[in-house]
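Dropping the structure in here first, questions after.
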Amino acid sequence: MTPSPHGGLSTLSLSIDPICRVEFGPGRIVRLPELIATTGHNRAFVVTDRGLRAAGVVERVLKILDSADVEYTVHDEVAPNPSTGNVDAGAARARAFGPAAVIALGGGSVLDAAKGISLLVGNPDAVAADADHLWEAAPGLPLVAVPTTSGTGAETNGFGVIEDAAACRKVYIGHPSVKPHIALLDPELTLGLPAAATAATGIDALVHGIESLASRGANPFSVAYAAQAVSMVSRALPVAFRDGSDLGARAELMMGAHLAGQALTLSGLGLVHGIGHAITAHTGTPHGVALAAVLEEVMEFSAPAAQDAYERAARAMRLDPPADGDWAAAAVTAVREISGQLDIKRPLRDLGADRGLLPAIAAGAVADAVTKNAPRLPDESEVLEILERTYERP
């Protein structure tokens, strides 16, 4: 571990647990061929999206594989909100390619789709719509996660979320074998990320930290990860949003998002994600934008049961002690200010949610598995009230 001139970490190599190895630092992508070899394969099935193709990120990675004579094929058909159809198509191509390590190169959507593809290759009679019933299925292909955004923390765990468009629901992927063997975190790969995408993915990471602190499943390990994540993300995200070329901010944001992923893997999430999943399922809104639409309102609803957690969040954001002693209100205000700096909060009406759709979104949020971890459990009428509050005003 070496110090960075930016006050953070410049490079890092460690094992968080016996399954997941973390490689962190600018330029670490050049190590990809040797990392693939540690999975027991010398071939790569690269899962990515067309946006990264157009941005040149995919070609940069493929040149590294070419230089090491790693045989590969590329599946770049992953959509921003990956569907069961995306995953089924990718699995068919991966089966045709044969034994290989799956390289997930992209944001959370790509990582989630890659987990589904990996799992289905190991279970050839299954389809993606069945993924939330495959928790005890045969193992999938080994996965190397190479995130190109700083938000989801999907490289830390064996879980994923994809969309069943026909059923208008989210399908949860989960299996120990699709937890990445290696998380390769190279902040240089995030330098070209547009400001809006930086905001949407970064707010996801911030929510992961805050919800992990307040989750019913929180424990000393998750709290430690989450508090550090909130500290790093709240500091680095506005900087990276304003200046996407600031490598120090990009590196700090990437590590903060990764720590938030470690936290949520242990603790679970909560109502912000429950509502966010339902909004996205019904409107197609990008995940981070959906979270931002209700973040402060859910925090206000949850505050009576999350005073200590929100005090930890406020202290992690380095807030001054509030004169009235209300740390929860101070945390909400700070989060509102960060959202304002990112220009990300939108009324639900602008996200394509007709008022008549709100009861279905509320029902979906209450039924979502993550909502059961919320510090204050809502009923549908209470979620509907939150949605009404955010319908016409940001």
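Among bridges DSSP assigns within region 134-278, what percent are antiparallel (round to 5)? Mind dumping the intermediate values first?
On the way: 6 of 8 bridges.
Expressed as a percentage, antiparallel bridges in region 134-278 total about 75.
To continue, here is another question. For a bin width of 20 Å, list the pair-distance distribution of the chain built from all Cα-Cα distances, rounded to whole %.
Values per bin, smallest distances first: 30, 59, 10, 0.
Using Cα-Cα distances under 8 Å and only pairs 6 or more residues apart, what relative contact order does region 156-261 have, in percent?
Values: 141 pairs, mean separation 30.3, N = 106.
Reported relative contact order: 29 percent.
Want the number for Arg242 to His133: 0.36 nm per residue separation, take away the alpha-carbon distance, what's left?
Values: separation 109, 0.36 × 109 = 39.24 nm, distance 4.26 nm.
Net length gain for the segment: 35.0 nm.
Now a separate question. How tilted is helix 271-283 with respect to the longest principal axis of the chain? Cα atoms for both, answer in degrees (0 to 90, nearest 10).
Computed tilt is about 70 degrees.
Here is a follow-up. Which aspartates and glutamates have a Cα less than 12 Å from the Cα of Lys63, not counting those fewer than 8 places away in the same chain?
Excluding near neighbours in sequence, the set is Glu71.
For region 171-311, what class follows from the C-alpha gyration tensor (a ≥ b ≥ c being the square roots of its eigenvalues): rounded when a/c is under 1.5, otherwise prolate if a/b is larger than b/c, else oblate? Walk me through the numbers on the way to the answer.
Values: a/c = 1.33, a/b = 1.26, b/c = 1.06.
Since a/c stays below 1.5, the shape of region 171-311 is classed as rounded.
If you find the alpha carbon centre of region 233-251 and of region 70-118, how far apart are they in angstrom?
29 Å
Ok, one more. Sorting check: for 256-263, 340-347, 203-210, 315-322, which peptide has the highest mean count of neighbouring beta carbons within 10 Å, and how do the rest follow?
Details: 256-263: 28.8, 340-347: 16.8, 203-210: 30.5, 315-322: 15.0.
In decreasing order of mean packing, 256-263, 340-347, 203-210, 315-322 become 203-210, 256-263, 340-347, 315-322.
How many percent of DSSP beta bridges within the chain run antiparallel, rounded to 5?
Numbers: 12 of 33 bridges.
Rounded to the nearest five, the antiparallel share is 35 percent.
Now for a different question. Using r as the Cβ-Cβ distance of Glu71 and Arg50, and R0 as 22 Å, what FRET efficiency do you calculate, to the nearest 0.05? Please report the intermediate quantities before stating the final value.
Working: r = 22 Å, r/R0 = 1.02.
Efficiency, rounded to the nearest 0.05: 0.45.
Please report the antiparallel percentage of DSSP beta bridges with both residues in region 12-149, rounded to the nearest 5.
Values: 4 of 18 bridges.
Percentage antiparallel, nearest 5: 20.
If you don't mind, there's one more thing I want to ask. On the protein heavy atoms, probe 1.4 angstrom, tell me the percent of accessible surface of the chain carried by carbon and sulfur. Write down the numbers at each step before the final one.
Working: 8130 of 14800 Å².
That share works out to 55 percent.
Related question: So which trypsin sites (Lys or Arg not before Pro) in region 149-228 end up in coil per DSSP with only 15 or fewer other C-beta atoms within 10 Å?
Values: sites: Arg169, Lys170, Arg216; in loops: Arg216.
Qualifying residues, ordered by number: Arg216.
Using a/c under 1.5 as the rounded threshold, could you call region 261-355 rounded, prolate or oblate? The axes a ≥ b ≥ c are square roots of the C-alpha gyration tensor eigenvalues, and prolate needs a/b larger than b/c, oblate otherwise. Write down the numbers at each step before the final one.
Working: a/c = 2.13, a/b = 1.60, b/c = 1.33.
Prolate.
Within the chain, which is the longest segment that contains none of the GluC sites (Glu not before Pro) sitting in a DSSP loop with at most 12 other Cβ atoms within 10 Å?
Details: sites that count: Glu136, Glu392.
The segment 137-391 is the longest one with no such site.
Which chymotrypsin sites (Phe, Trp or Tyr not before Pro) in region 133-217 sit in a loop by DSSP (not H, G, I, E or B) and have at most 16 other Cβ atoms within 10 Å of their own Cβ? Numbers along the way, then the final one.
Details: sites: Trp135, Phe159, Tyr172; in loops: Trp135.
Those that pass, being in a loop and sparsely packed, are Trp135.
The values are calculated or read from the model by the stated rules, or taken from the named source; none is laboratory data. Source: prediction; values computed, not measured. For neighbour counting, all protein chains shown are included, and Cβ atoms are generated from backbone atoms with ideal geometry for every residue, glycine included. Ligands, DNA and RNA are stripped out before the accessible areas are found, and what is left, the full protein with its side chains, is counted by its heavy atoms. Shrake-Rupley method; radii C 1.70, N 1.55, O 1.52, S 1.80 Å.
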